[in-house]
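Notes follow once the structure below has been shown.
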Amino acid sequence: MWKIFAVLTCGLTAAAFIWFALIVSGQAPGEVNVIDLISLVLSVPASIGVVCYAFDKELLPPAFWPPFAKVLTFWTALYLVGTAWMMLSLGIANSAWSELAAMAALYAAALALAYYGWLGVWRYAARVKRHPSSS
């Protein structure tokens, strides 16, 4: 399961960078804010961590992972709470039930992806912290 998730995570990260490039070049609608940029930057080492955990590899120094796991924990929690707050404050007042169900499904999918991404990085950080030379 983790190997499939690692490939999915890398694909989503690549798609996010492509979408970012399209927005910046003006070929796609949308705008990019600071929160999106921070998420984009953090997605690269997070993807690497999930791949390292899934395939039992070591791509960055072991000392990098425990602090990064803490940063990722904070960022993931902040991002999910902010997204939930935005959806609740903007979405409920003007939305039909079908739109609310779609937003809830998208949020549940985002929550699952964020949780498994965080869990892979957290487990990998714990592994390299216990056994820095064996990973």
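The values are calculated or read from the model by the stated rules, or taken from the named source; none is laboratory data. Worth saying up front: this structure is predicted, and the values here are computed from it rather than measured. Every residue, glycine among them, receives a Cβ derived from its backbone with ideal geometry; neighbour counts consider all protein chains shown. The protein model used for the area step is the full one, side chains on, heavy atoms only, and it has no ligands, DNA or RNA in it. Shrake-Rupley method; radii C 1.70, N 1.55, O 1.52, S 1.80 Å.
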Which numbered condition trips up Phe5, out of (1) touching a Phe, Trp or Tyr at 6+ places or on another chain (Cβ under 6 Å); (2) open to solvent by 80 Å² or more (accessible area, probe 1.4 Å)?
(2)
Starting from segment 45-62, keep only residues that are among the hydroxyl-bearing types (Ser, Thr, Tyr), then list their pairs with residues that are open to solvent by 30 Å² or more (accessible area, probe 1.4 Å) whose Cβ atoms are within a distance under 6 Å, requiring at least 6 positions of separation or different chains.
Ser47/Cys10; Tyr53/Arg123
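Could you tell me which of the residues Phe55, Phe74 is under 15 Å from Phe5 (Cα atoms), loosely packed, with under 15 Cβ neighbours inside 10 Å and at pLDDT 90 or above?
Numbers: Phe74 fails: under 15 Å from Phe5 (Cα atoms).
Result: Phe55 is the single residue among Phe55, Phe74 that is under 15 Å from Phe5 (Cα atoms), loosely packed, with under 15 Cβ neighbours inside 10 Å and at pLDDT 90 or above.
Listed here are the residues, each with its yes/no results for (1) in contact with a Lys or Arg (Cβ under 6 Å, 6 or more places away or on another chain); (2) modelled with pLDDT of 85 or more; (3) open to solvent by less than 70 Å² (accessible area, probe 1.4 Å).
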site	(1), (2), (3)
Ile92	no, no, no
Ser98	no, no, no
Gly117	no, yes, yes
Lys129	no, yes, no
Output the residue which, of all residues in segment 4-37 that are more than 17 Å from Leu113 (Cα to Cα) and of a type in the set (Val, Ile, Thr), is modelled with the highest pLDDT.
Ile18
Report, by residue number, each residue of segment 16-52 that is open to solvent by 70 Å² or more (accessible area, probe 1.4 Å) and under 17 Å from Val71 (Cβ atoms).
Val34, Ile35, Leu37, Val41
